[in-house]
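Remarks on the structure that follows.
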Amino acid sequence: MDRFETVLAHVLHWEGGFSDHPADPGGATNYGITHGVLAQWRGQPVSREDVRALTLAEAGAIYRARYWDACRCSDLPPGVDLMVFDAAVNHGPRQAALFLQRALGAADDGVIGPRTLAAAARQDAGQTVCEIAARRMVFYARLNTFPSFGLGWARRLMSVLAQAAGGGA
């Protein structure tokens, strides 16, 4: 069963609507989709207003292709799929893969392939989720934007952890 819609709903709760915070290096963002990601997705330059007009359906298509599918979340255990997807959205797919691989003690090449999936299937999902969460918190704390966004990131991470540790979304 594909859990994408359920997991996406949890992530969208935290991503919210349109924003253009001056301290956010992503610039104009809507549903968590940055100006740069939208331009790449469409294959052409986009304006701030294009970002504002982004539909939820297009945002969902971007999330499925660029984050969920890129991290093979459908092949991960329940709970781990949510934690990895949320990490991909917040940190990028390569960094999400590295969090997962390091949490599993697997070779960390930043690509979720058969060996990483096999390791994820063998490991206790709750333990994997907690280890990824700890690594994400350390990562956040090292960012120069932590003073502006750190409390919000921590709240988001704790919410994802609470859902994912139980295998849910």
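Please treat every number below as a calculation from the coordinates, not as lab data. Everything numeric in this text was worked out from a predicted model, so none of it was measured. Cβ sites come from the backbone with ideal geometry, for glycine too, and all protein chains shown count toward neighbours.
Once the piece of chain linking Ala107 and Asp75 is laid out straight, how much longer is it, given 0.36 nm per residue of separation minus the C-alpha distance between them?
9.7 nm is the gain from fully extending Ala107 to Asp75.
Beta carbons within 10 angstrom, averaged per residue: use that to sort the peptides 74-86, 94-106, 56-68, highest first.
74-86, 94-106, 56-68
Between Arg42 and Ser148, what is 0.36 nm times their sequence separation minus the Cα-Cα distance? Round to one decimal in nm.
Value of the extension gain: 35.1 nm.
What does segment 56-118 give for Rg and for Dmax, in Å, if only its C-alpha atoms count?
11.1, 36
For a Förster distance of 22 Å, can you work out the FRET efficiency between the beta-carbons of Cys130 and Asp2, rounded to the nearest 0.05?
Taking R0 as 22 Å, the efficiency between Cys130 and Asp2 is 0.35.
For Cα extents along the principal axes in Å, the choices are (1) 46, 34, 27; (2) 38, 37, 34; (3) 54, 46, 34; which was calculated from the structure?
Looking at Cα extents along the principal axes in Å for this model, the match is (1).
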